[in-house]
Amino acid sequence: MIKEVKLKRGKEGSLDRFHPWVFSGAIASLPKDIEEGEIVNVRADDGRLIGTGHYQIGSIAVRILDFSDRKIDKDFFKERLTESLALRNALGLMRPDNTAFRLVHGEGDFLPGLVIDIYGNTAVLQAHSPGMHFARNIIALALTELDGINIRNVYYKSETTLPYKASLDPVNDYLIGGFETNLATENGLQFYVDWLKGQKTGFFVDQRENRSLLEKFARGRKVLNMFCYTGGFSFYAMRGGAELVHSVDSSSKAITLTSANVELNFPGDRRHEAFAEDAFKFLDKMEKGKYDLIILDPPAFAKHRSALKNALRGYQRINARAFEKIAHGGILFTFSCSQAVSREQFRLAVFSAAAQTGRKVRILHQLTQPADHPINIYHPEGEYLKGLVLYVE
Ligand code: SAH
């Protein structure tokens, strides 16, 4: 018997508009023996069925998987994954020269709490909710049964994404298959993905299109790729004909991987150098006018709303440093991946930085996350990546 969660009177409004979260404050009653991660039916005060979802302890109490009472089993996941795959196929992302893409982007693919990135024949699965943690094995199985893609290995990587308090003690490991290769291809460029130890699922697939745009700006430029991680922007800049490319990250592991990735695509190319250093320190001591194409793609400065003020100050500070130092006629690619920072707030922080340094700045492009990170229109919280391409006179 599926347990039932009953809402307080009048609390079904946002759910009737297909927002997939039930907040704990909206709940009138819960079954006594309910356990975290369980599948539940949600009912309005008058008994009307609202949907079926995963229960968890915390402010988001239920994540709705379907606005009906449908059974959540392997067939359900297979159906959703098939739809997700069809969308990626329609987007032209599944090609021999492009084997890396996001297959499931949580609420954006009607699978709240689940992220799946594909690297060739390997899927990296990340659960953000206890319910998805418990469903991991049937999801993995469903992945291997999809038509149109040959997933042989499923790696589970949820040690840092599940709520700590849930005490689920997830272990990062293969659910199916094992290590084959960690080589993937994005728009014809190859790179190693470290899903075992790397950040996120091992690679930032969300910058693919912004990297392509950068490639078009790179010819003859001196490029500084700040917060380079595994060097994505760097090898696009090199293919675009940059005169030199310097990559900076505070993590020495990231720098090692960046160098390996550059070597993979441009063996023996002396245009590239990588530095394991703090970005702020690097910008402080850097001479003015040394670079005329700078990328700033810092980690999320605000992981939660409470950190918003400091985050905005952080964005202003780092962008002001770049405006102070970038050459005349320089191009700045600047990003924020903090979900808690809105597009307007980010733009205002960059605006303040420009005004503070007195540089003449124009917006050339306004960037966002790519189409394999879709935003469910009923769940605007799914929008997180924002970027600006600026011309600095
Ligand atoms: N641009 C990258 C993704 C950046 S992720 C890509 O396209 O793949 C953010 C990176 O910032 C991480 O690799 C992290 O190690 C690095 N980082 C965090 N704080 C830093 C700091 N103070 N200075 C330099 N790098 C930092």
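Please give the calculated 222 nm ellipticity per residue for the chain, where each DSSP H segment of at least 4 residues contributes -39500 (n - 2.57) and the sum is spread over every residue; nearest 500 deg cm²/dmol?
Numbers: 10 runs with 107 residues, N = 393.
Estimated from H runs of four or more residues: -8000 deg cm²/dmol.
At a 1.4 Å probe radius, carbon and sulfur cover how many percent of the accessible area of the chain?
Values: 9030 of 17420 Å².
Whole-percent figure for carbon plus sulfur exposure: 52.
Largest first and in whole Å, the equivalent-ellipsoid semi-axes of the chain read 40, 25, 17, each the square root of five times a Cα gyration tensor eigenvalue. Kindly provide log₁₀ I(q)/I(0) values, in the same order as q = 0.26 Å⁻¹, from the Debye equation applied to equal alpha-carbon scatterers of the range 3-66. Log10 of I(q)/I(0), two decimals: -1.16.
Of the trypsin sites (Lys or Arg not before Pro) in the range 275-360, the ones in a loop by DSSP (not H, G, I, E or B) with at most 14 other beta carbons within 10 Å are Lys288, Lys290, Lys303, Lys360. Given +1 at the Cβ of Lys and Arg, -1 at the Cβ of Asp and Glu and no other charges, the dipole of the chain around its Cα centre is 1360 debye to the nearest 20. Descending by average beta-carbon neighbour count within 10 Å, the peptides 227-235, 128-136, 53-61 line up as 227-235, 128-136, 53-61, the highest first.
The figure for Val248 is an accessible area of roughly 0 square angstrom, using a 1.4 Å probe on the protein chains alone. Partner aspartates and glutamates whose Cα lies under 14 Å from the Cα of Lys253, excluding those fewer than 8 positions away in the same chain, are identified as Asp194, Glu277, Asp278. Averaging the Cα positions of each part gives two centres, and for the range 337-373 and the range 202-246 these lie 19 Å apart. Taking every pair of Cα atoms in the range 63-194, average 1/r, invert it to obtain the Kirkwood radius, and report Rg/Rh to two decimals. Reported Rg/Rh (Cα atoms, Kirkwood Rh): 0.96. Solvent exposure of the range 30-75 amounts to 48 Å² per residue of accessible area, where only protein heavy atoms count and the probe is 1.4 Å. Principal-axis analysis of the Cα atoms of the chain puts helix 74-90 at an angle of about 30° to the longest axis.
Of all DSSP-defined beta bridges confined to the chain, some 65% are antiparallel rather than parallel. In terms of accessible area, using a 1.4 Å probe and ignoring ligands and nucleic acids, His272, His365 rank largest first as His365, His272.
Leu85 sits with roughly 10 Å² accessible to a 1.4 Å probe, with DNA, RNA and ligands left out of the calculation. Mind checking which aspartates and glutamates have their Cα closer than 12 Å to the Cα of Lys197? Skip sequence neighbours fewer than 8 apart in that chain. Cross-link targets: Glu159, Asp173. Placing one equal scatterer on every Cα of the range 261-393 and applying the Debye formula, the log10 ratio I(q)/I(0) at q = 0.22 Å⁻¹ is -1.32. Taking the charge dipole of the chain about its Cα centre, with +1 at Lys and Arg Cβ atoms and -1 at Asp and Glu Cβ atoms, the residue from Leu244, Thr160, Gly113 reaching farthest to the positive side is Leu244. For the chain, find the longest principal axis of its Cα atoms and tell me its angle to the long axis of helix 208-217, 0 to 90°, nearest 10. Taking Cα atoms only, the helix is inclined about 20 degrees.
Can you give the accessible area per residue of the range 204-392, in Å², using a 1.4 Å probe?
Values: 8230 Å² over 189 residues.
On a per-residue basis, the range 204-392 sits at 44 Å².
Among Lys32, Lys71, Lys386, Lys222, the sequence by solvent-accessible area, most first, with a 1.4 Å probe is Lys32, Lys71, Lys222, Lys386.
The values are calculated or read from the model by the stated rules, or taken from the named source; none is laboratory data. Everything quoted here is computed from the prediction, not taken from an experiment. Quick reminder, even Gly has a Cβ in these numbers, built from the backbone with ideal geometry, and neighbours come from all protein chains shown. Surface accessibility is based on the protein's heavy atoms, side chains included, excluding ligands, DNA and RNA. Shrake-Rupley method; radii C 1.70, N 1.55, O 1.52, S 1.80 Å.
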